[in-house]
Each structure stands twice: as C-alpha cells, then as structure tokens.
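First the structure, in the form of structure tokens, and then the observations on it.
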2 protein chains.
Amino acid sequence: MADVYISGVGMTRFGKHEGSLHDMIGEAVKRAIEECGIDDFDAMYVGVMSPEEFLGQGNIAASIVDYLGFSGTPSFRIETASSTGAAVFQAAFYAVASGYIKRALVLAGEKMTHLPTPTTTGILAEVIEQKERSAGATMPALAAMITQKYMSQYEIPLSEMERYLSKVALKNHYNGSLNKFAQFQEAISEETYFKSRVIAAPLRLYDCSPISDGAVALILTSDKTDMKVSGIGHGTDTLGVRFRRSFTTFKSTQIAAKKAYQMAKLNPHDIDIAELHDAFTPFEIIDMEDVGFYPPGQGVYAVENRETNIGGKLPVNTSGGLKSRGHPVGASGLAQIVDLTWQLRGQVDEKRVTQNASVGLAQSIGGLANNNFVTIIERSDRNRVIAPNWQPAFNPEIALKAPHQQDPESITPMGTVETFTVLYIAPKEFETPFQIGFVRDDNGHVLIAKSKEVKDLRIGDRVNLSQEDGKVFIE
Amino acid sequence: MADVYISGVGMTRFGKHEGSLHDMIGEAVKRAIEECGIDDFDAMYVGVMSPEEFLGQGNIAASIVDYLGFSGTPSFRIETASSTGAAVFQAAFYAVASGYIKRALVLAGEKMTHLPTPTTTGILAEVIEQKERSAGATMPALAAMITQKYMSQYEIPLSEMERYLSKVALKNHYNGSLNKFAQFQEAISEETYFKSRVIAAPLRLYDCSPISDGAVALILTSDKTDMKVSGIGHGTDTLGVRFRRSFTTFKSTQIAAKKAYQMAKLNPHDIDIAELHDAFTPFEIIDMEDVGFYPPGQGVYAVENRETNIGGKLPVNTSGGLKSRGHPVGASGLAQIVDLTWQLRGQVDEKRVTQNASVGLAQSIGGLANNNFVTIIERSDRNRVIAPNWQPAFNPEIALKAPHQQDPESITPMGTVETFTVLYIAPKEFETPFQIGFVRDDNGHVLIAKSKEVKDLRIGDRVNLSQEDGKVFIE
C-alpha cells in the first residue's frame with residue numbers, strides 16, 4: 001500500500017456564480033495546479049451529484065476532462081448524493097494507494113442556483129426514500145424529526161434546544177465571516193437567528209444550509225508532501241430513515257469513523273480540528289457524537305461551553321461549514337478536506353488559525369445519512385510513534401450489515417409517536433402547515449404517517465392510525 | 001500491489017423486464033453469490049448511467065446497498081456514460097489492488113424500456129456535445145458519419161461496406177442465439193438485415209444495438225481464484241467528435257489498450273477471445289483495429305474472412321455483443337467481463353466455446369468514444385513466463401493529452417466536406433430526412449453543419465457555408 005499525500009488544493013468562492021459548472025471547476029483546478037506546479041495526471045476523479053438534472057448534461061467526466069485540456073487522461077465520475085465530494089476523494093485514494101496511479105486530480109462541484117428553488121428542492125428530494133418522500137418528508141423535515149427525537153431522548157426542553165442550535169448557527173456564520181471562500185461572509189446576531197422563519201419545527205431558516213454553486217480541486221500523489229492522508233472510512237445506512245434502530249445517531253458515520261481511526265491508528269482525542277457536515281445545525285451536534293468527540297447526548301454541552309469555537313478545545317467548522325460556506329451538494333465533502341489542508345498549513349485568516357494543529361478530521365453525509373464518509377489527514381512533520389499496542393478508544397456498538405426492511409402489508413389501529421415535525425415550507429403539492437412523523441404500530445413496525453390536521457402531539461403519544469392508498473394517517 | 005481476481009459472476013437476461021432496476025440487480029447479485037458462496041464485502045461498486053433520469057431516483061448507491069440487505073457496507077456509484085460497467089470494474093480493481101479492500105461486490109444495471117422511445121433517446125443524447133446535439137446529431141448519426149469517413153479513407157464502395165456491416169450483424173445475432181442471457185435469441189438472415197430501414201445512412205436498424213433492461217454482478221477479491229485480472233486501461237477523448245484528428249480510430253480505446261497490454265505484459269496476439277463495444281456494427285470493426293488486432297483499415301477483411309466468428313482465429317462477441325445480447329447502457333461494460341469469465345471457464349453453450357482460450361479482452365465505449373476502457377483477464381492456470389525483455393507490440397501514435405478546442409468566432413464562406421450522413425430517424429424537433437456533416441472551413445476549423453436540403457454530397461466536396469444563430473449551414 002503506497003502512502004497517499006495531498007499536494008495542491010483549490011476552491012472557488014461558494015455562492016451564486018454566473019459562470020458554468022465547467023468554469024468554476026476550471027478556476028478551482030487552476031488554483032490547485034498553481035499551488036504545486038503539477039499539471040500531469042494519471043487519472044482524474046470527478047464528483048458531481050446531478051449534472052443530468054441540474055444542467056441537462058450527461059457524460060460529465062468526459063466533458064470536464066476535455067474542458068480542462070486534459071482530454072486523453074482517464075476520468076471517472078463518482079456520486080454518493082451530498083457526500084459526493086468525500087466519495088470522489090476516497091475513490092481516488094484507493095487508486096493512488098494501489099500504486100498504479102501516481103498522481104490523481106480530484107475535483108468536485110455543483111451548479112444549483114440557476115434553477116427556481118422549487119425545482120432545485122425537487123431534485124434534492126430525489127435522494128429521499130420513496131414512501132417518506134411521497135408523505136411530504138423533505139430533508140429539513142427529516143432533520144427536524146431527528147432533532148425532536150434528540151430533545152426527547154435527552155430530555156432537553158425546546159427553549160434550551162433552540163439556544164444550542166442558535167449557537168451552532170452563530171458560530172458557523174461568525175467563522176464564515178473569516179473565510180473569503182464562504183457564501184455568507186457576515187456574522188449574524190441572535191436576534192436575526194430567532195426572527196428567521198420556521199421551516200420544519202424546531203428548525204429555522206438559519207438552521208439550514210443554503211443552495212449554492214461552487215467547485216473544489218485537490219491533487220493526490222504518492223510522492224511525499226507536507227500533508228498525509230492517514231485514515232479513510234465509509235459506511236451506509238438504510239434509505240428509509242424510519243427503518244433505523246436509532247434516530248439520534250447516524251450509523252453510517254459511526255462505521256466510517258471507526259474505520260478511519262483504525263486505519264490512521266488514531267483516536268478521537270488525537271484530532272485537533274474538524275469539519276463536520278452541518279447541512280442542518282443539529283447534524284453538527286450529532287456528528288460530533290458520531291465521530292466520538294463527545295458521548296451521545298453531550299454534544300449540546302460542547303456547543304454551550306464554546307469548546308468547538310475557534311480557540312476552543314476542538315474547533316469545528318472554522319471554515320463556516322456547510323451552513324455558512326455554502327453547500328453545492330457535490331462539492332462540500334471535498335471542500336471540507338481542502339479547508340482542513342489550508343488550516344493545517346496555516347493558510348487561512350489568522351483569526352481562525354488553530355495553533356499547533358496537526359491532525360484534522362472531515363465527516364460528510366450523503367442523503368439523509370445514507371452514505372457517509374470520514375477522512376483524517378495530518379501534517380507529515382508531525383512527530384508521532386504508533387504504539388505497537390494501539391487500541392481503538394471509539395467502539396460504538398454497530399451492526400455492520402442490516403437486512404432490507406419493508407413496510408408491513410397491514411398496520412394496527414393504534415400506534416405510538418416516535419417523532420414528528422410540523423412543516424411550514426413544503427413541496428408545492430402539499431398545503432402547509434402540515435404534520436408528519438414516524439409512528440410505531442403495535443406490531444413494532446415504524447411507519448411514516450401524516451396527521452389529518454396539525455395536532456398538539458408529543459413523542460410517546462398513543463394515536464389512532466388509518467391507511468388509504470398505501471399511505472398512513474394519524475387520525 | 002495486490003493481485004486482483006474474479007470470483008462469482010452473475011447476470012440477468014437482457015431485454016424487457018417488468019421488474020425494477022433493483023429487482024434485476026438483486027437477481028444478478030444472487031447468482032454471483034451463489035456461484036462462490038461469498039456474501040460479505042468490504043465495499044460495493046454500483047454502476048448505473050442515469051437512474052435520475054430513467055427512474056427519477058437519486059442516491060442510487062445507498063438505495064441499492066439497502067435493497068440488497070448489505071446496508072452498512074460502503075457503496076460507491078461510478079458513471080462514465082455507456083462504459084459505466086467497465087468503469088465500475090476498474091474503480092473496484094484499484095480498491096482491491098490497494099490492499100485496503102479485500103472483497104468488492106461490483107454491479108451494474110440499467111432500466112430503460114419502460115419509457116417511450118423518444119424520451120429514452122433524449123436521455124441518451126445528453127452524452128453528445130451540445131453543439132453537435134443541437135445540430136441534430138444523434139448517436140447513430142455520429143456513428144454513420146464515422147462509417148462514411150472510414151469508407152472514404154480506405155476506398156471501400158458502399159455496397160462492399162454494407163456487406164461487411166451485415167456480416168457483423170449476422171455473426172452477432174447468430175452468437176446471441178447461443179446465449180441464454182441475450183435479448184435477441186434468433187439468428188437473422190441477410191434478407192432481414194437488408195430489409196431493415198436505414199436510420200442514418202449507411203446504418204440500418206440492424207446495425208444499431210437495441211434499448212434494453214438488464215443487470216450484471218461480479219465479485220472481485222484479493223484471494224486467488226481461477227480468473228486473474230491481468231491488465232486494465234482507460235482513456236478519454238474530446239467531447240466534440242469534430243475536434244478529433246482522426247474520425248476512423250478512437251484514441252480513447254487506443255490509450256486504454258496500450259495501458260492494459262503494458263500492465264498485463266501481453267500483446268494483441270496473446271488474446272484468445274474478445275468482447276468489443278458494438279453499439280453500432282462499424283464500431284466492432286474500428287474497435288478491432290484500435291486494440292491492435294488488425295491494422296487500420298483491415299478490420300473489414302477479418303470480418304469478411306470469418307476470422308472473428310466462433311471457431312475463427314480470434315472470436316469476437318461470441319456473447320452476441322451489445323448488438324444481440326442487448327445494451328442496458330450502464331451494464332454492458334461489466335456484462336462483457338462476466339461473459340468472458342464464463343467463456344474462459346467453459347461455462348457457455350458448447351457451440352460457442354473457444355477451445356483452449358485462456359486470455360480474454362473486453363473493450364467498452366463511453367458516449368461517442370469519449371471515455372473508453374480495456375480490460376484483460378486470464379485463467380490463473382495459464383502457464384506463462386513473462387520475458388524480462390517484454391516489449392509492447394502495439395504502439396499507436398497517440399497524443400496522451402489534448403488541449404480544449406472551441407469553435408471559431410467566424411467561419412470562412414466555403415469549406416470541404418469531411419464526412420456526413422442523412423438521418424431518417426431523428427429527435428422530434430427535426431423534420432426527416434435531413435443531412436448533417438463535418439465541414440472543414442478554409443481556416444482549418446472543423447464545424448458541424450446541416451444541409452439546407454438533402455444533397456448528393458461526397459466527402460471532399462467544396463461547399464458554401466452560412467451561419468445563423470451560431471449554427472452552420474451547407475447552402
């Protein structure tokens with residue numbers, strides 16, 4: 001196994017771009033090449049989530065290698081929904097580690113802002129499992145249901161949870177103000193946060209990452225550089241969120257983290273800085289628990305105690321994260337790794353430098369935590385000896401393989417509310433506000449159900465269920 | 001570098017399936033697992049060209065790993081247009097060769113027949129470069145233009161070329177009649193071939209592969225089996241066909257072949273059997289030249305002399321090829337490798353067994369030869385010693401990297417016809433028949449041009465050109 005190193009890296013500013021996806025990728029690649037002088041590659045790895053739907057263009061790997069003037073060079077397209085940028089990095093890692101590919105150009109991007117928001121939202125919703133999608137579950141809705149369950153499980157009152165979430169949003173917007181590549185470059189006030197409208201209770205607009213354009217590039221090589229890839233990990237989970245044993249942890253992240261630590265022979269306490277997938281503010285909290293930084297239910301206190309702020313014990317998303325840097329879906333996973341590289345090289349705004357940081361961790365979520373990645377990189381000049389008796393300190397209990405589950409043919413007349421949300425923004429075929437949730441029927445099957453009218457529900461409530469045309473309703 | 005071996009393989013019959021893409025993939029995977037008993041994988045590689053557009057479903061890698069009951073296992077989606085099945089194999093090859101992944105489940109599939117043909121054709125056309133597509137160039141049109149150029153370059157009269165093409169079609173349909181997984185299981189007569197309608201002159205319906213559903217699976221492992229992957233190669237070419245130096249060879253195949261032979265330390269004369277990408281019958285001829293089986297312009301004589309028939313010197317597409325087995329776009333590249341494995345294991349209909357075959361070559365085309373792959377596999381019990389002074393016998397002159405080219409801002413009033421075709425079947429916005437071609441203007445720029453009316457054109461003719469709204473017309 002050849003060691004794998006990061007050489008030049010580059011990025012466009014994220015946000016609204018007038019140019020094409022190809023122009024943005026060209027800009028990011030130019031920066032990466034200029035940084036290291038390497039402009040000859042054995043292969044190219046292209047991460048774009050949905051150029052077919054966002055741009056009406058197929059054959060994207062060939063199209064981009066041609067546009068960049070590298071036509072002839074092998075070019076693969078890799079896709080795993082919103083973790084595409086991390087997937088393309090890991091696919092290229094294996095190629096370089098194999099010894100067959102010496103230098104790989106890894107790039108990722110997405111162009112999304114040119115379409116009307118409902119069209120973009122519709123494309124993004126295609127990653128959601130069919131039954132949940134047709135019940136009206138959007139990504140914010142599912143994130144909100146996960147948040148409600150977290151509050152219930154750890155007995156956190158709404159007002160307290162809102163404070164924690166606001167602190168994540170405020171931290172990441174402040175961090176973004178120090179990152180010239182971020183979409184939002186201004187800190188926001190507590191007032192701004194609390195005045196923003198509720199999308200899916202309890203999540204507000206400022207809990208959700210924006211729609212963005214952007215591109216990222218990075219060169220992987222088997223020649224030693226100052227930045228080594230020490231560990232990678234990757235895991236998946238059921239497409240239907242309702243089929244999971246836990247709604248407050250992401251098994252796919254836990255599997256990925258465990259593998260990455262194992263390969264790196266590192267443990268969570270070795271990590272100096274992290275970029276975590278905060279497509280929604282509660283995800284940053286769950287992510288911190290899933291990669292072993294904090295025990296389950298304790299992530300909120302890390303936020304409260306400012307431990308993850310710049311200068312804190314373990315700075316998280318000093319780039320601004322997806323929340324403030326922006327979230328061009330195919331690009332975000334690679335943007336995290338590029339920003340960590342800049343942080344570890346001391347090439348970011350001095351106000352966000354973490355002193356003596358030598359190890360960084362990136363974690364990326366695909367879909368609703370269906371296909372997640374963890375990547376650990378470290379400075380090559382880090383002075384470390386791996387003890388022959390190295391032991392993993394992060395050992396979550398996880399089933400490494402789960403059988404496929406399906407909805408039951410018939411349901412019981414009553415069930416117990418597992419979690420729910422009220423949506424105030426929804427696909428156009430749904431009248432808002434409406435309430436959806438997961439209900440466990442008396443045979444133990446968890447169903448996606450829509451309330452016939454918005455009710456004062458609580459998790460654990462007993463409710464009457466009905467079924468029409470394969471859809472389940474809370475009476 | 002770990003050696004990489006093929007274990008169990010599986011396939012559905014190609015053709016029209018009532019079930020879902022997931023059902024088909026499940027069937028192929030079940031066969032592959034049953035063949036070898038391995039049902040635990042470190043990673044899964046999923047090749048599907050366009051589930052977003054054919055099925056309205058994103059997140060396909062996560063969706064399939066869940067459906068198969070392997071949720072938890074890492075799952076990558078790989079795509080390179082119509083060579084997706086070969087790309088997913090090569091991406092998985094690198095992972096196993098790296099030593100990090102011991103066992104990978106590689107699968108590929110496409111569901112296409114459920115949509116109206118014009119919709120399917122529209123989706124497939126998205127792989128064509130924008131300018132060529134908007135001038136009315138379909139895949140058959142570009143293949144026809146390449147065929148016309150081949151005839152002109154090697155001075156082959158139309159009637160003779162038609163005979164060669166019919167022989168490829170007849171051979172592959174006969175071969176398909178011996179393959180229980182083929183979409184078409186009947187040989188066709190010369191009369192049937194010549195009675196079929198012209199799609200884009202000189203190509204008839206029976207020169208074109210059909211629209212198909214199908215799925216394929218294969219297990220790659222670092223544990224030794226009876227089937228070794230000896231060489232892989234991959235190359236790309238300009239998205240716009242008009243920008244190429246040659247229209248009668250595919251540089252992307254040549255690059256891929258050269259690399260695969262180099263890795264395998266083999267030469268074209270070592271190959272016993274081949275599966276080549278015959279999406280159009282003339283491609284099988286060009287493919288044979290591009291992988292070094294025959295010199296440029298000589299492929300037609302190999303067909304004429306039945307050298308590539310079953311029992312011939314070098315049997316090509318004994319499976320029936322894309323032409324007769326069918327062409328579910330994402331699956332074909334992997335289907336070639338699965339069929340070669342069956343051939344080398346002697347597990348095919350006895351009428352199509354090639355005696356003493358121990359080395360097979362697969363070649364796959366992505367788009368209009370934008371992203372091509374060559375894969376060489378061999379029986380592990382083959383008795384061979386690699387000479388320390390091994391030298392490549394296949395050394396096509398190819399530029400390994402080409403700069404990006406664009407159309408000129410203005411064109412000259414006249415130009416010379418490089419190649420052309422007349423289309424009788426076209427996207428609905430075009431009135432048929434119509435004529436398009438590549439014309440070289442007097443500044444040396446090759447343009448895609450549409451005739452204002454169908455003319456008796458010849459390659460080399462001088463024509464008057466005009467330009468309206470960025471489109472070029474032959475007056």
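Computed values, structure above
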read-out: Subset tally (residues that are closer than 24 Å to B:Glu53 by Cα and either touching a Pro at 6+ places or on another chain (Cβ under 7 Å) or of a type outside the set (A, V, I, L, M) (or both)) for the stretch B:320-342; value: 8
read-out: Failed condition for B:Ile38, given (1) buried (at least 24 other Cβ atoms within 10 Å of the Cβ); (2) more than 28 Å from A:Ser246 (Cβ to Cβ); (3) hydrophobic (A, V, I, L, M, F, W, C); value: (1)
read-out: Some residue of the stretch A:434-444 being assigned to a loop (DSSP other than H, G, I, E, B) and under 29 Å from the mean Cα position of the chain (by Cα); value: no
read-out: Every pair of residues 6+ apart whose Cβ atoms lie under 7 Å, when the first sits in the stretch B:351-362 and is free of Cβ contacts under 8 Å to residues at least 24 places away in the same chain while the second is in a loop (DSSP other than H, G, I, E, B); value: B:Val353/B:Gly346
read-out: Any hit, the stretch B:64-74, residues being crowded, with 24+ Cβ neighbours inside 10 Å, more than 27 Å from A:Arg242 (Cα to Cα) and in the same structural domain as B:Asn370 (by TED's automatic domain parsing); value: no
read-out: Which listed residue, of B:Ala43, B:Ala92, is of a type in the set (A, V, I, L, M), closer than 26 Å to B:Asp237 by Cα, more than 18 Å from the chain's Cα centre (by Cα) and assigned by TED's automatic domain parsing to the domain that holds B:Met11; value: B:Ala92
read-out: Flag for A:Val300 being in the same structural domain as A:Ser50 (by TED's automatic domain parsing), over 25 Å from A:Val106 (Cβ atoms) and either among the hydroxyl-bearing types (Ser, Thr, Tyr) or part of a helix (DSSP H, G or I) (or both); value: yes
read-out: Sole exception among (1) without any contact (Cβ under 8 Å) to a residue 40 or more places away in the chain; (2) charged (D, E, K, R); (3) within 9 Å of another protein chain (Cβ to nearest Cβ) for B:Glu34, by number; value: (3)
read-out: From A:Leu170, A:Leu105, A:Leu178, A:Leu158, residue being out of contact with any Ser or Thr (no Cβ under 6 Å at 6 or more places or on another chain), in the same structural domain as A:Val329 (by TED's automatic domain parsing), of a type in the set (A, V, I, L, M, F, W, C) and modelled with pLDDT of 95 or more; value: A:Leu105
read-out: Considering residues of the stretch B:242-288 that are out of contact with any strand residue (DSSP E or B) (no Cβ under 8 Å at 6 or more places or on another chain) and assigned to a helix (DSSP H, G or I) only, the residue nearest to B:Ser332 (Cα to Cα); value: B:Phe283
read-out: The stretch A:391-431, residues that are among the hydrophobic types (A, V, I, L, M, F, W, C) and either free of Cβ contacts under 8 Å to residues at least 40 places away in the same chain or part of a loop (DSSP other than H, G, I, E, B) (or both); value: A:Ala393, A:Phe394, A:Ile398, A:Ala399, A:Leu400, A:Ile411, A:Ile425, A:Ala426, A:Phe430
read-out: Residue in the stretch B:1-31 that is modelled with the lowest pLDDT, counting only those that are farther than 15 Å from B:Arg325 by Cα and assigned to a loop (DSSP other than H, G, I, E, B); value: B:Met1
read-out: Residues located in the stretch B:39-94, provided they are of a type in the set (Gly, Ala, Ser), assigned to a loop (DSSP other than H, G, I, E, B) and at the interface with another protein chain (Cβ under 8 Å from one of its Cβ atoms); value: B:Ser50, B:Gly56, B:Gly58, B:Gly69, B:Gly72, B:Ala81
read-out: Top-ranked residue of the stretch A:17-31 - restricted to ones that are among the charged types (D, E, K, R) and free of Cβ contacts under 8 Å to residues at least 60 places away in the same chain, ranked as surrounded by the most Cβ atoms within 10 Å (Cβ to Cβ); value: A:Asp23
read-out: Qualifying residue in the stretch B:189-196 (condition: buried (at least 21 other Cβ atoms within 10 Å of the Cβ) and outside any helix (DSSP H, G or I)); value: no
read-out: Residue list for the stretch B:93-122, filter: in contact (Cβ under 8 Å) with a residue 24 or more places away in the chain and closer than 17 Å to B:Asn371 by Cβ; value: B:Phe93, B:Ala108, B:Glu110
read-out: Check on B:Gly122, under 25 Å from A:Leu124 (Cα atoms), assigned to a helix (DSSP H, G or I) and within 13 Å of another protein chain (Cβ to nearest Cβ); value: yes
read-out: Of all residues making up the stretch A:204-241, the number that are touching a Leu at 6+ places or on another chain (Cβ under 7 Å) and within 30 Å of A:Ala449 (Cα to Cα); value: 3
read-out: Residue satisfying condition, being crowded, with 24+ Cβ neighbours inside 10 Å, at pLDDT 95 or above and touching a Ser or Thr at 6+ places or on another chain (Cβ under 7 Å), within set B:Val316, B:Val338; value: B:Val316
read-out: B:Lys428 vs. criteria of a type outside the set (Val, Ile, Thr) and surrounded by 13 or more Cβ atoms within 10 Å (Cβ to Cβ); value: no
read-out: Any hit, the stretch A:141-148, residues being at pLDDT 95 or above and more than 26 Å from A:Thr238 (Cβ to Cβ); value: no
read-out: Matching residues, the stretch B:199-239, being surrounded by fewer than 24 Cβ atoms within 10 Å (Cβ to Cβ) and part of a loop (DSSP other than H, G, I, E, B); value: B:Ala201, B:Pro202, B:Pro210, B:Ile211, B:Ser222, B:Asp223, B:Lys224, B:Thr225, B:Asp226
read-out: Any hit, the stretch B:267-279, residues being farther than 18 Å from B:Ser364 by Cβ, away from chain A (no Cβ under 14 Å), surrounded by fewer than 24 Cβ atoms within 10 Å (Cβ to Cβ) and within 18 Å of the chain's Cα centre (by Cα); value: no
read-out: Count - residues of the stretch B:280-305 that are surrounded by fewer than 18 Cβ atoms within 10 Å (Cβ to Cβ) and free of Cβ contacts under 8 Å to residues at least 12 places away in the same chain; value: 4
read-out: Condition met for A:Gly26 (within 23 Å of the chain's Cα centre (by Cα) and at negative phi); value: no
read-out: Conditions (1) in contact (Cβ under 8 Å) with a residue 40 or more places away in the chain; (2) farther than 17 Å from A:Ile188 by Cα; (3) not in a loop (DSSP other than H, G, I, E, B): number failed by A:Thr308; value: (3)
read-out: So B:Tyr174, is it in contact with a helix residue (DSSP H, G or I) (Cβ under 9 Å, 6 or more places away or on another chain), farther than 26 Å from B:Thr121 by Cβ and of a type outside the set (Lys, Arg); value: yes
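The values are calculated or read from the model by the stated rules, or taken from the named source; none is laboratory data. The shown structure was predicted, so the numbers you read here are calculated from the model rather than taken from an experiment. When we count neighbours, we look across all protein chains shown, and the Cβ atoms used for this are built from the backbone with ideal geometry, even at glycine.
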